[in-house]
Amino acid sequence: MDVAAKSESKDNLPLLLTQSADPLKRTGTVWTAVAHIVTGVIGSGVLSLPWSTAQLGWLAGPFSILLIASITLFSSFLLCNTYRHPHPEYGPNRSASYLDVVHLHLGISNGRLSGLLVNISLYGFAIAFVITTAISLRTIQNSFCYHNKGPEAACESVDAYYMLLFGAIQIVLSQIPNFHNIKWLSVVAAIMSFTYSFIGMGLSIAQIIEKGHAEGSIGGISTSSGAEKLWLVSQALGDISFSYPFSTILMEIQDTLKSPPPENQTMKKASGIAVTVTTFVYLSCGGAGYAAFGDNTPGNLLTGFGSSKFYWLVNFANACLVVHLVGSYQVYSQPLFATVENWFRFRFPDSEFVNHTYMLKLPLLPTFELNFLSLSFRTAYVASTTVIAMIFPYFNQILGVLGSIIFWPLTIYFPVEIYLTQSSTVSWTTKWVLLRTFSIFGFLFGLFTLIGCIKGIVTEKIS
């Protein structure tokens, strides 16, 4: 960082870091960006969509998926134009993270608030990935046990063991230096996500054909009271919101793209392709799962085929899910690692523990960079996400809470405010009123889903 940057307030660190000389060689294309988005979007959320569709019914379920997909795509288009400043295509300054772009356009206070929300959401996603991986590993183990020892065998296992195993793997992978070094991981994870999604969809269709009819109704699952139905609907909407969370990592993905063509054009194209593909998968998977199980639709689609004669295919799908979540954990954790470690390096520029990188050479492996700050912080981070997942292993409710927390502020509020500021939109014009109405609707929607999902967690914990 240059002398001028050093003289600035420490509050301006995230922005100044992206404006200084940038040694990174950006080689990303529209297809690597699509892979990054798909890796982050098609994950554990897709497995909850049949359950969400079951709560909402055949009309409201698909409509809700399309509505939230449209909102996400609109938001991503707003954000794409803010990567460079002041011109969206030729501006010399880059905003390499969500925090940077909010800080630049809306000031320090909003930058801090967005940074807090982004990091909370990234941390929450990591917890959700731990929970989902444990469920998949347990399902695989139980399946082999039942088919080898019979349906009466005592095959139940504890999720905590699988959570610890996943945490150990992530401690190793978390030492990858930064987001630019995990392109290969995103590609592999994206392939896995399509594989298990289509397997779940295919098994659902096979079950429908075997039954000879589709389950489900216009109004969704029946409940004992209107209040119970209302809370289940709020949880379902929260789960769908969780399924489109890539606004929090959009800037990091755009920062990997080469130019020309301009990064905002490439990112808009990638966002359109990724959202279209994922929405098709979501509608197909959610609809097929609900049609196969009806009122008995499980919270996690792949856990509903335990007695299937294609149990080996179910196990393969769960294995693909585990591989995908290994990659997703890194895609969502690397931005948080960068934020925290950059802050420490700015605050303690003379600390060897914080700043010095050692080159480590192990037999049969390439030279590895080792930094003690990264090693200690990232290890503690993974350990904490694992412990919290062990305390609150509630799949649908956790997904719903995370979706509710990020939906309004990060997907609607900040993108709208940035656009209004950047475009100097005059108050009370048609555009201004429509965007404000859009933001208010998002706030009420997010509040409704958040209350319902928190109630669901409390109910599960008490019971």
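Filtering the range 399-434 down to residues that are of a type in the set (Phe, Trp, Tyr) and modelled with pLDDT under 85, which residue is surrounded by the fewest Cβ atoms within 10 Å (Cβ to Cβ)?
Of the range 399-434, the ones of a type in the set (Phe, Trp, Tyr) are 407-408, 413-414, 419, 428, 432.
In the following step, the residues that additionally are modelled with pLDDT under 85 were identified as 407, 419.
Numbers: Phe407: 31, Tyr419: 19.
Residue satisfying both the conditions and the ranking: Tyr419.
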(request) Could you tell me whether the range 127-134 includes any residue that is small (Gly, Ala, Ser), assigned to a helix (DSSP H, G or I), crowded, with 16+ Cβ neighbours inside 10 Å and touching a Phe, Trp or Tyr at 6+ places or on another chain (Cβ under 9 Å)? (result) yes
(message) So the check is Cβ under 8 Å with 6+ separation or different chains; which pairs have a first residue in the range 345-360 that's within 8 Å of Phe372 (Cα to Cα) and in a helix (DSSP H, G or I) and a second one that's open to solvent by less than 70 Å² (accessible area, probe 1.4 Å) and among the hydroxyl-bearing types (Ser, Thr, Tyr)?
(response) none
(message) For the range 295-312, which positions are assigned to a helix (DSSP H, G or I) and either surrounded by 16 or more Cβ atoms within 10 Å (Cβ to Cβ) or within 18 Å of the chain's Cα centre (by Cα) (or both)?
(response) Leu301, Leu302, Thr303, Gly304, Phe305, Tyr311
(message) Could you go through the range 403-417 and let me know if any residue there is at negative phi, among the acidic types (Asp, Glu) and in contact with a helix residue (DSSP H, G or I) (Cβ under 8 Å, 6 or more places away or on another chain).
(response) yes
(request) Tally the residues that are part of a loop (DSSP other than H, G, I, E, B) and either of a type outside the set (Ser, Thr, Tyr) or surrounded by 24 or more Cβ atoms within 10 Å (Cβ to Cβ) (or both), restricting the search to the range 218-255. (result) 8
(request) Kindly establish whether Thr339 is buried (at least 16 other Cβ atoms within 10 Å of the Cβ) and touching a helix residue (DSSP H, G or I) at 6+ places or on another chain (Cβ under 6 Å). (result) no
(request) Could you tell me which residue of the range 368-397 is farthest from Leu232 (Cα to Cα), considering only residues that are part of a strand (DSSP E or B) and not hydrophobic (A, V, I, L, M, F, W, C)? (result) Glu369
(request) Quickly run through the range 29-40 and pick out the residues that are open to solvent by less than 10 Å² (accessible area, probe 1.4 Å) and modelled with pLDDT of 70 or more. (result) Ala33, His36, Ile37, Val38
(request) Only residues that are at pLDDT 80 or above and either within 30 Å of Leu447 (Cβ to Cβ) or touching a strand residue (DSSP E or B) at 6+ places or on another chain (Cβ under 8 Å) (or both): list them for the range 183-223, please. (result) Gly216, Ser217, Ile218, Gly219, Gly220, Ile221, Ser222, Thr223
(message) With the structure loaded, tell me whether Ile176 is under 22 Å from Val314 (Cβ atoms), out of contact with any Pro (no Cβ under 8 Å at 6 or more places or on another chain) and of a type outside the set (Ser, Thr, Tyr) or whether it fails that test.
(response) no
(message) Return the pair list, or none, for Cβ contacts closer than 7 Å from residues in the range 403-430 that are without any contact (Cβ under 8 Å) to a residue 12 or more places away in the chain to residues that are assigned to a helix (DSSP H, G or I) and open to solvent by 10 Å² or more (accessible area, probe 1.4 Å), at least 6 apart or on different chains.
(response) Thr425/Lys431; Thr425/Trp432; Val426/Trp432
(message) Every residue in the range 142-180 that is of a type outside the set (A, V, I, L, M, F, W, C), open to solvent by 30 Å² or more (accessible area, probe 1.4 Å), in a helix (DSSP H, G or I) and modelled with pLDDT under 85, please.
(response) Tyr146, His147, Asn148, Lys149, Asp159, His180
(message) Scan the range 50-66 and tell me whether some residue there is touching a helix residue (DSSP H, G or I) at 6+ places or on another chain (Cβ under 6 Å), at pLDDT 50 or above and within 27 Å of Tyr419 (Cβ to Cβ).
(response) yes
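The values are calculated or read from the model by the stated rules, or taken from the named source; none is laboratory data. In this text, all values refer to a predicted model and were calculated from it rather than measured experimentally. Don't worry about glycine lacking a Cβ; one is built from the backbone with ideal geometry, like all the others, and counts go over all protein chains shown. When the accessible area is computed, the model is the full protein with side chains, heavy atoms only, and any ligands, DNA or RNA have been set aside. Shrake-Rupley method; radii C 1.70, N 1.55, O 1.52, S 1.80 Å.
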